[in-house]
1. Please work out if HIS413 is modelled with pLDDT of 95 or more, closer than 16 Å to THR129 by Cβ and of a type outside the set (Val, Ile, Thr).
2. Going through SER382, SER334 one at a time, which residue ends up being surrounded by fewer than 24 Cβ atoms within 10 Å (Cβ to Cβ), small (Gly, Ala, Ser), over 20 Å from ALA181 (Cβ atoms) and modelled with pLDDT under 95?
3. Sort through ILE296, ILE292 and tell me the only one that's of a type in the set (A, V, I, L, M) and surrounded by 15 or more Cβ atoms within 10 Å (Cβ to Cβ).
4. Go through region 59-115 and count every residue that is assigned to a helix (DSSP H, G or I), without any contact (Cβ under 8 Å) to a residue 60 or more places away in the chain and hydroxyl-bearing (Ser, Thr, Tyr).
5. Looking at the structure I just gave you, is ALA165 in a helix (DSSP H, G or I) and either over 20 Å from GLU322 (Cβ atoms) or touching a residue at least 40 places away in the same chain (Cβ under 8 Å) (or both)?
6. How many residues are charged (D, E, K, R), under 23 Å from PHE152 (Cα atoms) and within 17 Å of the chain's Cα centre (by Cα) when one looks only at region 292-349?
7. Return the pair list, or none, for Cβ contacts closer than 8 Å from residues in region 304-326 that are touching a residue at least 24 places away in the same chain (Cβ under 8 Å) to residues that are loosely packed, with under 13 Cβ neighbours inside 10 Å and assigned to a helix (DSSP H, G or I), at least 6 apart or on different chains.
8. Checking PRO275 against (1) more than 23 Å from ALA398 (Cβ to Cβ); (2) of a type outside the set (A, V, I, L, M); (3) touching a His at 6+ places or on another chain (Cβ under 9 Å): exactly one of these is not met. Which one?
Amino acid sequence: MLRFPSLRAPLDYLFLACCIVLTADVLAPEIWGSGKTKDYPLWFWAGQQVLRGGNLYPADPKAYFEFIYPPPPAVLLAIPAYFGKLTLYICLSVVNVVAWWMTAQFSNAMAGSGRIPNPWLFALPAFATVTFVFDMFDLGQPNLVLLAMMLFAFWLLQHERPWMAGGMFALATAIKVFPVAVFPYLVWRRQWATAASMAIFTAIFLFVVPAPVRGFQHNVSELKTWFQGMVGTSSEQGFGQRGEQNWSWVNQSLIAVTHRLTRPVNYNQDNAAKPAAYMNLADVSFRTANWIVLAISLLIGLGFIAVMPPRARITPRSNAEEIGILFCLMTVASPLARQYYFMWLFFPITVLVHRAAYDPRAAVRTGTWAGLAVAGLLMCLSFPVFPNDLQAYGNNLAATAVIAAALVWHILHPPLDEMAGSPPPAELQSDTQN
């Protein structure tokens, strides 16, 4: 089912046109303007620091970090940064283009419907998440690339390549830590080889790979500083290195929304020009709010375990739904979940699109389309025409909950033929191709 772009497919022209426009948004300011802004200059700085042997982080873990990622991505950035800003920006854009294409390919291949969708249905999740993709290019964030890597890892796992899958999970974790949440899932599903591979390769990527470039002791020291500054700090003022964002409306993680609802937190704190605004329904202490977050997370985790089918009853369909729920939970469980983090809903949306199109039960198809419409409307509340207050209440978090709930329903109510133990189709059935 995986394929390259084709000059005979009209929608592939649209994909390529979008990629040209998005890449132009990155390169045009650098070539003809005053220089590309957002995170791109930071990536160049990090790459140059590696090339010059400079420090990525200040000596004091409590000081402000310009670069908040572990050392391995800085080492990767140093390779194109050696040839200058423009080369780095082109490489980052090309990587995003490839990641976008492969995300759609893997998502549809692993949706578990046993069907090849027609081109418009294939592209629907891409249309639904195009604003997130724009953020990936415009900001220079790696979340789309991480999504493609995670999907590739699960694809490898399904094709009985557990050690390669674990290595891909590890690489994603070494770039941006929140994909580490897949590790408990692998352990629970007794994917021992993949879990072991992920643990081993994570250590290799963190400690071994940067060592020849940074020096082993220097790298270990920087890892320690990064851990203390990013993971080992948490207070009422925030956590990590972006305290002004942690409790503000821009963060729609489960942690942030719960804190905003349970204690008086100014959700406009990221902008001193705006008046203070609050949305709390209760007034509890920081410690109590953390306990509430922990309790909610525990209930969600136990609920996820409860809906997982036993190993003997796993089908391609249930497996897709299970991974879709996992992606939803990983997205909102990240301590900082800005708008672009919800790019990870691409795969869960794809799974539901396949259910809405191909489920043999007419009422289920209608209900699934309705659920997708509700989630889409909630995500639309992030458009600038709507006040930030709506995002403070967690519109994307709510959309994720709707998508996850729909996947839970499907995993608990498979079609009768699957409930009877019918094997999945041996060959993919093809829909209309044009």
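1. Working: modelled with pLDDT of 95 or more: yes; closer than 16 Å to THR129 by Cβ: no; of a type outside the set (Val, Ile, Thr): yes.
Considered against the rule, which asks whether it is modelled with pLDDT of 95 or more, closer than 16 Å to THR129 by Cβ and of a type outside the set (Val, Ile, Thr), HIS413 comes out as no.
2. Numbers: SER334 fails: over 20 Å from ALA181 (Cβ atoms).
After ruling out the rest, the residue left standing is SER382.
3. Numbers: ILE296 fails: surrounded by 15 or more Cβ atoms within 10 Å (Cβ to Cβ).
Answer to the check: ILE292.
4. 1
5. Working: in a helix (DSSP H, G or I): yes; either over 20 Å from GLU322 (Cβ atoms) or touching a residue at least 40 places away in the same chain (Cβ under 8 Å) (or both): no.
Considered against the rule, which asks whether it is in a helix (DSSP H, G or I) and either over 20 Å from GLU322 (Cβ atoms) or touching a residue at least 40 places away in the same chain (Cβ under 8 Å) (or both), ALA165 comes out as no.
6. Just the residues of region 292-349 that are charged (D, E, K, R), to begin with: 311, 313, 317, 321-322, 338.
Narrowing the set further to residues that are under 23 Å from PHE152 (Cα atoms) leaves 311, 317, 321-322.
Cutting the leftovers down to within 17 Å of the chain's Cα centre (by Cα) gives us 321-322.
Residues meeting the conditions: 2.
7. Hits for this filter: VAL307/LEU412.
8. So the condition that PRO275 fails would be (3).
The values are calculated or read from the model by the stated rules, or taken from the named source; none is laboratory data. Please read all numbers here as calculations on a predicted model, not as lab measurements. In this analysis, Cβ positions are derived from the backbone assuming ideal geometry, glycine residues included, and neighbour counts consider all displayed protein chains.
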